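Student: Dropping the structure in here first, questions after.
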């Protein structure tokens, strides 16, 4: 059971004296921060505010049981909320019963995808979404989230959109409708939050502005009646109900569910790894995290939750507050239960401009311009991949942007593996060490010998490239060429296409009276070469444990060492 339920592993070791006080403080702090964030993020998602609190409730409990990080805080987050809005707004009108039904079903779909990926141990597939793509997508999504809040911040009736140009055009056309009372409240909120952030104060900024906003509007609403407020939020805990499921709804939601499943997992793993400590009893496990996220969203959807994942800001708050273990989530849940049962009427006078200010300030940190600068200096292709994903997300839409990112990631992967680095080697004088002749001028080069190192797995996508480079380098040697030594140190696998290419190349060069030797061949590659008959074709005596042995044998017909390493050179598991 411990294999599937991590809480059974660390809970029996829980030290009440060392951890309880810190977990209580951390949990209550996160719970307090979660209240205004949950309400704000529900508005981003196009849902009634109460659904943000519902989404913070059962998912936290599921992560407490199934999660492998000791300090990750989960629940509604800004980016996923925007993706929810972008995906469902094309299927239903925001705030309607149909919209809410789709949002809940979306959580169930996301959870099911994550659970299946986790059970199938397929967490590795998210590696195909590269860091530049995630960075570009996150930065653009943050801008779209912030710009969409101008409606609540300024009172201008800007229609919701996930394309920057549409929002800006609408804003320009309706700028004369700005509501100064609302704008003043929003700017004041942002100013307070930025001061707290800049001064690195320990004050809980979101909670502070929420309390000030409620009190301010409670006493002065008659003086500033144009400031929009939340009004009534339902009280009580969410009731159980299984999501309404139809084939057409699932088909419509699948692309956005898959996007949310992958993005949510990447966010959780990134946050978990960032705050993981060597003292944690349970280390982050990607596949177990997928199962935890799946359970969060599946069970959460049965209690009126929309898609949830790990929150960077609340995880940071959890860490800063000194939480020791996942038990902190239990005390966050207690805070939410108390609010849902007794305190929702107090949010009646909460200005929407305050929530807009909280959202804008919280997403600023997602705009990672430093990563773009770093990539410009480090790797131009990664930089342009970031820019393409950023631009696609910003101007075409959330789904389109992530699609561009996935396609670019796969395209870059194929491009890099189909034309990997290849080196011609020479000997460093007076040593048995070999290095790339294009990097080191002083290495010794034998005009009769070509030593080629292919720095990648050889498979159908790059086998022809391997052969082209081999022919090109052999042609450069001309008629002097007598030996081709293939250094396989960096080849960790070959497929049937590569085997066929090697067989053809060996026959071709043997016809030209050119020997072909192999050195540094790894076990899995030896297995394939043995099963295919290449070892028999070349001769087992032409396989060597290193380049020096190969050259010594070629020149003298024997080795200058006494050890018999035949078992290590010829071993194959077939």
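The values are calculated or read from the model by the stated rules, or taken from the named source; none is laboratory data. As the structure is a prediction and not an experimental result, all values here were calculated from the model. Using ideal geometry, Cβ is built from the backbone for each residue, glycine included, and neighbour counts are taken over all protein chains shown.
Student: Give, as residue ranges, the helices (runs of 4 or more DSSP H) completely inside region 522-574 that count at least 2 residues that are over 22 Å from residue 500 (Cα atoms) and over 40 Å from the mean Cα position of the chain (by Cα).
Tutor: Once the helices (runs of 4 or more DSSP H) in region 522-574 are filtered for at least 2 residues that are over 22 Å from residue 500 (Cα atoms) and over 40 Å from the mean Cα position of the chain (by Cα), what remains is 547-556, 566-570.
Student: Can you name every residue in region 296-313 that is in a helix (DSSP H, G or I) and surrounded by fewer than 24 Cβ atoms within 10 Å (Cβ to Cβ)?
Tutor: Kept after step one, since they are in a helix (DSSP H, G or I), are these residues of region 296-313: 296-301, 312-313.
Hits for region 296-313 are 298, 299, 312, 313.
Student: Based on what the data block shows, is residue 72 part of a loop (DSSP other than H, G, I, E, B), within 20 Å of residue 312 (Cα to Cα), at pLDDT 85 or above and assigned by TED's automatic domain parsing to the domain that holds residue 312?
Tutor: Against the criterion (part of a loop (DSSP other than H, G, I, E, B), within 20 Å of residue 312 (Cα to Cα), at pLDDT 85 or above and assigned by TED's automatic domain parsing to the domain that holds residue 312), residue 72 qualifies.
Student: Can you confirm whether region 84-101 contains a residue that is modelled with pLDDT under 85, more than 21 Å from residue 34 (Cβ to Cβ) and surrounded by 24 or more Cβ atoms within 10 Å (Cβ to Cβ)?
Tutor: yes
Student: Of the conditions (1) surrounded by fewer than 17 Cβ atoms within 10 Å (Cβ to Cβ); (2) in contact with a helix residue (DSSP H, G or I) (Cβ under 7 Å, 6 or more places away or on another chain); (3) free of Cβ contacts under 8 Å to residues at least 40 places away in the same chain, residue 52 clears all except one; give me its number.
Tutor: If we test residue 52 against (1) surrounded by fewer than 17 Cβ atoms within 10 Å (Cβ to Cβ); (2) in contact with a helix residue (DSSP H, G or I) (Cβ under 7 Å, 6 or more places away or on another chain); (3) free of Cβ contacts under 8 Å to residues at least 40 places away in the same chain, just (1) comes out false.
Student: Here are some conditions: (1) assigned to a helix (DSSP H, G or I); (2) more than 17 Å from residue 306 (Cα to Cα). Residue 81 meets all but one. Which one does it not meet?
Tutor: Just one mismatch for residue 81, condition (2).
Student: Still on this model: Looking at (1) surrounded by 13 or more Cβ atoms within 10 Å (Cβ to Cβ); (2) within 30 Å of residue 417 (Cα to Cα), which is the only condition residue 125 fails?
Tutor: Condition (1) is where residue 125 drops out.
Student: While we're looking at this one, here's another question. Can you report the number of residues in region 322-346 which are in a loop (DSSP other than H, G, I, E, B) and surrounded by fewer than 22 Cβ atoms within 10 Å (Cβ to Cβ)?
Tutor: Count: 2.
Student: Quick one: which residue in 266, 253, 215 is modelled with pLDDT under 90 and either in contact with a helix residue (DSSP H, G or I) (Cβ under 8 Å, 6 or more places away or on another chain) or not in a loop (DSSP other than H, G, I, E, B) (or both)?
Tutor: It is 266.
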